[in-house]
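The structure appears below as structure tokens.
The values are calculated or read from the model by the stated rules, or taken from the named source; none is laboratory data. Just so it is clear, the structure is predicted and the values come from calculations on it, not from any experiment. Positions of Cβ are generated from backbone atoms using ideal geometry, with glycine treated the same way; all protein chains shown enter the neighbour counts.
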Amino acid sequence: MPDRGSGPSGPRMRVGRPSRRARALLMTLGALAVLGMVFTMFAGFWTDWLWYRSVHYSSVFTTTLWTKIGLFFVFGLLMAAAVGFNVWLAHRLRPPLSAMSTEQQNLDRYRMGVAPYKKWLLCGITALVGLIAGASAAGQWRTWLMWVNAVPFHQKDPQFHLDVSFYAFDLPWYRFLLGFGFAAAVLSLIAAALTHYLYGGLRLTSPGTRATAAATGHLSVLLGVFVALKAVAYWLDRYGLAVKSSDFKATGNWTGLRYVDANAYLPAKTILFCIAVICALLFFATLWRRTWQLPVIGFGLMVLSAILIGGLYPAIVQKFQVQPNEQAKEAPYVAKNIEATRAAYGIDDAKVTDYAGTSTTKDKSTLRDDVDKTASIRILDPNIVSPTFQQLQQIRNYYTFPNNLDVDRYPAKDGTVQDTVVGLRELNLAGIPKKNWINNHFRYTHGFGVVAAKGTAADNGEPVFTESDLPPSGDLGTYQQRVYYGEKTTTYSIVGGPQKEIDYSDNDGEKTTSYRGKSGVSLSSPLNRAAYALAFGEPQILYSGAIGDGSRILYNRTPKERVEAVAPWLTIDGDAYPAVVNHRIQWIVDAYTTTNGYPYASRTTLGDTTADSLTAANDSRSVVAQQNQVNYIRNSVKATVDAYTGEVKLYQWDTEDPVLKTWMKAFPGTVEPKSAISSDLMSHLRYPQDLFKVQRELLTRYHVQDAQTFLSGSEVWQVPDDPTNKSGSAVPPYYLTMKMPDQKSQAFSLTTTFTPNGRDNLSAFMAVDSQAGTPDYGQIRILKLRTSTTADGPKQVQSQFNSNSQENITDFVRQVRNGDSEIEYGNLLTIPLDGGLLYVEPVYVRGGQLKYPLMRKVLVTYGGTTAFENSLDQALDKVFGAPGSAPPPDTGTTNPPGAGAGDPTVEQALKDAQKAYDDGQAALQKSPIDWEAYGRAQKALQEALKKAEDAQAQRQSSGSGKNGDKGAKTGEKSGG
């Protein structure tokens, strides 16, 4: 037999088999690639659906999804139909080939090339424009939902007397429809013109008629539609003037009509509307007249009118009527802008009262007790003491605290409510001893407990903790202490399965736990595991043996991102804060409804107006991501996120806000009524910082209600720069329990100061009642200082502190810096008192062997007198020349009654404690400060106090039988 491997057929057979195999392999790989792409898209959709279902907000996911799908298909099909119909019609109206010119005959090869594929080409073009249009329309789901669910404001604009809802909800949707119509008309016109040219309906260079009658009629109708849409645009532009932004030297960013708008642009838009309607009719008339002469003349007239009437005429009015007498011409419109802006930002009920700025009381000693009645002065700065909390209460490296702690209110032992600085001991993955996938996502999964300290007290410079240690104990009672959801928890964890989690460590060793909450998504299904393995790019999720029955994956774990996800129509405040509510740790998140469609109200950019010296150092606290401009804002929702279960609840806070009512119609059942807020939760709600910062920025100009004064600019204020650091950013607002002159008692408040524009002296002090659940909540009070007198502003006060030699401030600063240490100035608090202003500032020292800041001094100034002492009481006593009658605050180190009576061990321990304290103070007085000696003294002080406490507890136990045993245990707990 012949050798099949030789000859002509042999090699061809060998080459043919690999070719078929290669084609099969390529087809298989292609199919797998398509399946991979499909599953990737499905994985993203499926994991989103599972997450929304796990937080019980699946209606938000489905409503948003179906709205996007509906808009995509409706507007995609409309665009595809419009373009496809006009291409088909142009092809249908093509002239016979015999009528084609030489120019058109040159296009035969193109027509012949297109002819076999014209149906596919038509489908491809229409599908492409449909996809683009549909994707663009799907992005307008918010605009659609607001329009279809619109709730009236029951307030009318002063120009057209339409409800504000028309501008906020209707006009944006009409503008979208108009834009879609323009796009459809232009694309249809281009597609039709190309088709007519390709098939001879249009001729560019041939002699004679350049267009057939059919092409002329078709294109004229499309041009007529375009011009008709332009007429609609001119008509809507009339209403758009009420929400139009422009530059105005008196206000900067101006919104609404001015004199030139009302008297030049508005009539010009009306005239242009009429011209455009006539021009559109002329284009439609070509169906009968078959000539473009009149439409072209009409279109040219419309363009010329737009230049002369819409551009030149308003410029003439502005130049020759407005500028020579601007204040008189603009005053009525400025008055409308002032009224609308104050209403849109909720500052229309701000109380502005005159304030002397200087006390008339000659004997200041009589004011000493008034200080304690006026304010509970917080000397613990939450923006500085985070490293101190970290050093004293971190306990383990895998715990951390936020950079900026929070101020809240909790009951004291005497039943009163006190300002408290709080922070959660959250998980810190960077501090895990050994990093690997199991440790990062299975074993180290949560933080543990609240740490709280009195805001008005310090113990040898350290915070006086009211809740501390691990496991935490103190004044907060029993509560679920595990923190699975927090501001620092930015990665996923897999819990509840066979792998045990690190709970906490104490003297008895390491404790483990297993998550028992219902949060997260179950990984029991192979489909879920595959989807999450793909979504997170972690294949081990698919096959790891650490995942088993009961395993759940937790993600989207920061409070802000959870609220943003379940309520994408809200703008979230930059500072979520924790509170112990009903025996659980709840994150409280303030959320806002906004719009940029409030007529006449000036716009502001949230990211700019909420920036201050804190956000400059820590962007996560601000809404810097929100760079969109708004001109209406309400804190209409209070949200909570459970730190253990991740449960999100939205509560209606502003029951009158029409924007919130609109969204509640769009997403029914997602927002609970205000009545559902428990009394315990209500006691921790507060006025949000970002809203306050937006309002104070607007009030720098809009505290003036007289249009003439507003235009003159003589009363413009500014928010001063923070004098305690070199950031050059605005001073942040401060929470403080205090009493304004017209208040009968102290209230938890948010405060700030103003200075005149371009100067450093104080022009006003502002406070808003932040105590939720009270009748005055949200009431803004402004104390306006007289322009005839000058009171020192924050920058001037800080400068006086830094240069004061009489109080040995400069010597102290020099000694600290010579000792390789740093001074950190705490919050500079301003407190109105008897017509004057009391300034208080804690001074912290960080350096030497102590790597965390301790409060070492308190600066106080009032009426030109300054004190620089070791404690607030000492400084106040010196400034006012008299001691206060109120008992000094409990620092947490006071000894039990009779602690040293008759017990030599206790007495000796107290003597040792006093000596250690004196040694520490002596070390601070050295130049430079002897930090090593100070550290030894602090250690000796703690040992002596512990020795006295143990001896006293033993004495009580041996002398009181059963009750004594109980007392000893209580003492041991309080000592810990």
>> Return the residues of segment 474-521 that are touching a Leu at 6+ places or on another chain (Cβ under 9 Å), outside any loop (DSSP other than H, G, I, E, B) and buried (at least 20 other Cβ atoms within 10 Å of the Cβ); say none if nothing qualifies.
In response: VAL483, SER493, ILE494, VAL495, TYR504, VAL521
> Got a number for residues in segment 624-666 being under 21 Å from TYR777 (Cβ atoms) and aromatic (Phe, Trp, Tyr)?
Replying inline: 3
>> When you check THR291 against the structure, is it modelled with pLDDT under 90, surrounded by 19 or more Cβ atoms within 10 Å (Cβ to Cβ) and either on the phi > 0 side of the Ramachandran plot or not aromatic (Phe, Trp, Tyr) (or both), yes or no?
In response: no
>> With touching a residue at least 40 places away in the same chain (Cβ under 8 Å) and more than 24 Å from ALA767 (Cα to Cα) as the only criterion, which of LYS661, LYS674 stands out?
In response: LYS661
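Give segment 688-733 a look and list any residue that's assigned to a strand (DSSP E or B), within 22 Å of the chain's Cα centre (by Cα) and surrounded by 21 or more Cβ atoms within 10 Å (Cβ to Cβ), or say none. Write out each step before concluding.
Of all residues in segment 688-733, those assigned to a strand (DSSP E or B) come to 717-718, 721, 730.
Then drop every residue that is not within 22 Å of the chain's Cα centre (by Cα), which leaves 721, 730.
Within segment 688-733, ALA730 is the sole residue that qualifies.
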> ALA193: in a helix (DSSP H, G or I), assigned by TED's automatic domain parsing to the domain that holds ILE275, within 55 Å of the chain's Cα centre (by Cα) and of a type in the set (A, V, I, L, M), yes or no?
Replying inline: no
>> Being in a loop (DSSP other than H, G, I, E, B), more than 28 Å from THR143 (Cα to Cα) and modelled with pLDDT of 90 or more is the filter here; which residues of segment 577-614 pass it?
In response: ASN582, HIS583
> Inside segment 45-87, can you point out the residues that are of a type in the set (S, T, N, Q) and closer than 30 Å to ALA214 by Cα?
Replying inline: ASN86
>> Just to be sure I understand, how many residues within segment 531-551 are surrounded by fewer than 17 Cβ atoms within 10 Å (Cβ to Cβ) and more than 30 Å from THR640 (Cβ to Cβ)?
In response: 10
>> Could you check segment 692-713 and list, in sequence order, the residues that are hydrophobic (A, V, I, L, M, F, W, C) and closer than 19 Å to GLN779 by Cβ?
In response: PHE692, VAL694, LEU698, LEU699
> So how many residues does segment 552-579 have that are buried (at least 24 other Cβ atoms within 10 Å of the Cβ) and farther than 24 Å from LEU691 by Cα?
Replying inline: 3
> In segment 656-687, what residues are within 19 Å of PRO568 (Cβ to Cβ) and not in a helix (DSSP H, G or I)?
Replying inline: ASP657, PHE667, PRO668, GLY669, THR670, VAL671, GLU672
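This table checks each residue for (1) more than 30 Å from MET146 (Cα to Cα); (2) among the small types (Gly, Ala, Ser); (3) touching a strand residue (DSSP E or B) at 6+ places or on another chain (Cβ under 8 Å); (4) not assigned by TED's automatic domain parsing to the domain that holds THR62.
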{"residue": "VAL483", "(1), (2), (3), (4)": "yes, no, yes, yes"}
{"residue": "ILE494", "(1), (2), (3), (4)": "yes, no, yes, yes"}
{"residue": "GLU510", "(1), (2), (3), (4)": "yes, no, yes, yes"}
{"residue": "TYR532", "(1), (2), (3), (4)": "yes, no, yes, yes"}
{"residue": "PRO539", "(1), (2), (3), (4)": "yes, no, no, yes"}
{"residue": "TRP569", "(1), (2), (3), (4)": "no, no, yes, yes"}
> From the residues in segment 354-375 that are buried (at least 22 other Cβ atoms within 10 Å of the Cβ) and not in a helix (DSSP H, G or I), which one is modelled with the lowest pLDDT?
Replying inline: GLY357
>> With the requirement that a residue be touching a helix residue (DSSP H, G or I) at 6+ places or on another chain (Cβ under 6 Å), of a type in the set (A, V, I, L, M, F, W, C) and closer than 22 Å to GLU656 by Cβ, what does segment 558-590 give you?
In response: TRP569, ILE572, VAL589
> In the set GLY224, GLY208, which member is modelled with pLDDT under 95 and part of a loop (DSSP other than H, G, I, E, B)?
Replying inline: GLY208
> For segment 421-436, how many residues are surrounded by fewer than 19 Cβ atoms within 10 Å (Cβ to Cβ) and either under 32 Å from the mean Cα position of the chain (by Cα) or under 13 Å from LEU405 (Cα atoms) (or both)?
Replying inline: 4
> Residues of segment 781-823 being over 22 Å from ASP834 (Cβ atoms), aliphatic (A, V, I, L, M) and in contact (Cβ under 8 Å) with a residue 12 or more places away in the chain, which ones?
Replying inline: ILE809, VAL816, ILE823
>> Anything in segment 393-447 that is farther than 14 Å from GLU467 by Cα, touching a helix residue (DSSP H, G or I) at 6+ places or on another chain (Cβ under 9 Å), assigned to a strand (DSSP E or B) and among the β-branched types (Val, Ile, Thr)? List them, or say none.
In response: THR400
